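Take a look at the structure below.
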Amino acid sequence: MDMFTQCNVEGKFSQIISASNTDAQILGITGTPAFYVISMNGGQVQQIQGAQPYEVFEKIFDSMLES
């Protein structure tokens with residue numbers, strides 16, 4: 001716990017965390033986990049937010065494969 005506190009006080013990773021937060025805001029990510037499924041031809045992008053069951057991914061994959 002002391003190492004964790006020291007790391008926060010020093011701000012050792014603050015730039016990395018800030019950049020990650022900026023990226024998330026740009027992409028519209030509001031929580032974790034978050035996934036992007038991109039079709040093979042790059043024509044479709046589907047965002048999945050939150051912990052989802054396999055069936056959600058399967059439905060998206062099947063839909064993209066049919067297109």
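What follows draws every value from the coordinates through simple rules; no lab data is involved. In this text the structure is predicted, and so the values were computed from the model without any measurement. Cβ sites come from the backbone with ideal geometry, for glycine too, and all protein chains shown count toward neighbours.
Calculated mean residue ellipticity, 222 nm, the chain: -16500 deg cm²/dmol, from DSSP H runs (n ≥ 4) at -39500 (n - 2.57) each, averaged per residue and rounded to 500. Directionally averaged projected area (the chain, Cα convex hull): 6.5 nm². Along region 54-67 the Karplus relation, 6.51 cos²θ - 1.76 cosθ + 1.60 evaluated at θ = phi - 60°, assigns HN-Hα couplings of 3, 4, 5, 5, 4, 4, 5, 4, 4, 4, 5, 5, 6, 7 Hz to successive residues, with x for each Gly and Pro. For the chain, the relative contact order comes to 21 percent (Cα pairs under 8 Å, sequence separation of at least 6). Computed from backbone phi, the HN-Hα couplings of region 17-23 come to 5, 4, 5, 5, 5, 5, 4 Hz, rounded to whole numbers (Karplus: 6.51 cos²θ - 1.76 cosθ + 1.60, θ = phi - 60°; Gly and Pro given as x). On the beta carbon distance between residue 4 and residue 63, with R0 = 35 Å, the FRET formula returns roughly 0.25.
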